[in-house]
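Here's the structure we're looking at; comments come further down.
The values are calculated or read from the model by the stated rules, or taken from the named source; none is laboratory data. None of the values given here were measured: they were computed from a predicted structure. Here Cβ is always computed from backbone atoms with ideal geometry, including for glycine, and neighbour counts include all displayed protein chains. These area figures cover heavy atoms from the full protein model, side chains too; ligands, DNA and RNA do not enter into them. Shrake-Rupley method; radii C 1.70, N 1.55, O 1.52, S 1.80 Å.
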Amino acid sequence: MPDPATVTPGIASGPGIHTGLTIADKTFDSRLILGTGGAANHAQLAAAIAASGTELVTVALRRVSPGTEGSIVDVIESCGVDVLPNTAGCFTAEQAVRTARLAREAFGTNWIKLEVIGDEDTLLPDPVELLDAAETLVAEGFTVLPYTNDDPILARHLEAAGCAAVMPLAAPIGTGLGIRNPHNLALICEGANVPVICDAGIGTASDAAQAMELGCAAVLLATAVTRAADPELMAAAMRDAVTAGRAARLAGRIPKRQLAKASTTFDGMADL
Amino acid sequence: MKIELNGEARGDVKTAAAAVAAVTEARRGIAVAVNGEVVPRSEWDLPLADGDTVEVLTATQGG
């Protein structure tokens, strides 16, 4: 098996491809954000973070449980990447706002991945509570990155509320179903003036590439890497997929056609 | 005085600082909520009140 650290993307050149991802006051070289949920252990997580090339990883806030192995924050810091706390598990705006305030206290960051879910079966965002929480947190000085439905109108409202990015789902969290509504995702990208980050539902590298081809500024994924048979190798695959997808977007794909169009000219064809 | 610390009744915890010390040796990456509201580190030594619900939280894996 090839060492993921030595698998270098070959297409990462051309105008615009080296332009960083700017969210609020920070610019990142990597356009992949890695969630840490589902990692088997800290060593595996560190290897995946390194192979992915990410500079920003998410964590959740939970009760201290005795006997937990080391701190995940130490793992993240040793990787030299930034922490993006989330409000995973919150069902109401009030819960999410309180969790964000606690995360700011715990990690010393104003950045928050805002999740407010509607039910446990779908884990789909609750748009009413989400927008409410976003408005409150923006007013309190947070840099808010909301996990949202693939709804262009809601994305517009979140941007208007002052969110630093919008993060529409590809598919429900953990499903690995890939982009269920590419048309909506493209519409969100066309209409947004903040970075659009495809978040949740990515299953494999081609899904991440497709998100970038549709115009997303970045991809956030967790399960696709942490629960892959080889998380480190999948992390490297995702790194290359995001780079390839962005390059393809910048390169400008050919229009789709109903009928064939010869790439080899018929001019000068021999009379045989 | 009785409080609830991370879901368990406790009679021996008088401050947020003591609540933290009761569940972990770590200080970095820790946040304390009393009755749902964050308690800044500078106020960890203030006394708790009877019946307070205290949560001591830290980072865990999450998407």
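Rounded to the nearest 500, what is chain A's calculated 222 nm mean residue ellipticity when only DSSP H runs of at least 4 contribute -39500 (n - 2.57) each, over all residues? Could the numbers behind the result be given before it?
Details: 9 runs with 99 residues, N = 272.
Calculated mean residue ellipticity at 222 nm is -11000 deg cm²/dmol.
State the antiparallel share, in %, of DSSP beta bridges confined to the protein assembly as shown, rounding to the nearest 5.
Working: 21 of 43 bridges.
Antiparallel: roughly 50 percent of the beta bridges in the protein assembly as shown.
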Net charge near B:Thr58, counting Lys/Arg +1 and Asp/Glu -1 over other residues with Cβ under 10 Å of its Cβ? +3
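Dividing the convex hull volume of the Cα atoms of chain B by its residue count, what figure in Å³ per residue is obtained? All intermediate terms of the calculation are to be shown ahead of the outcome.
Details: hull volume 5.6 nm³, N = 63.
Roughly 90 Å³ of hull volume per residue.
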Averaged over its residues, how many other protein chain Cβ atoms are within 10 Å of peptide A:103-110's Cβ atoms? 4
Give me the Debye-computed log₁₀ of I(q)/I(0) at q = 0.08, 0.09 Å⁻¹ for the range A:27-251, equal point scatterers on Cα only, no solvent, two decimals. -0.25, -0.32
Within 10 Å of each Cβ in B:28-35, the average number of Cβ atoms from other chains: 6
Looking at the range A:66-152, which GluC sites (Glu not before Pro) are in a loop (DSSP not H, G, I, E or B) and have at most 10 other Cβ atoms within 10 Å? A:Glu69, A:Glu120
Among A:Gly178, A:Gly201, A:Gly108, whose mean-square fluctuation peaks in a Gaussian network model of chain A (Cα, cutoff 10 Å)? A:Gly108
Within the under-10-Å Cβ sphere about B:Val34, not counting B:Val34, Lys/Arg +1 and Asp/Glu -1 give a net charge of -4
When every alpha-carbon pair in the range A:23-160 is counted, what percent end up more than 20 Å apart? 49 percent
Give me the residues in the range B:44-63 whose solvent-accessible area, probe 1.4 Å, is reduced by at least 20 Å² once all protein chains are included instead of the chain isolated. B:Glu55, B:Leu57, B:Thr58, B:Ala59, B:Thr60, B:Gln61, B:Gly62, B:Gly63
Chain A - percent of accessible surface contributed by carbon and sulfur, probe 1.4 Å: 52 percent
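Residue by residue through A:214-226, how many Cβ atoms from other chains fall within 10 Å of the Cβ on average?
Working: counts 0, 0, 0, 0, 0, 0, 1, 1, 3, 1, 0, 0, 2.
Averaged over the peptide's residues, the number is 1.
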Please work out the Kirkwood hydrodynamic radius for the range A:103-208, using every pair of different C-alpha atoms, and report it in angstroms with one decimal place. 13.9 Å
With +1 on each Lys and Arg Cβ and -1 on each Asp and Glu Cβ, and nothing else charged, work out how big the dipole of the range A:128-272 is about its Cα centre, in Debye to the nearest 20. 480 debye
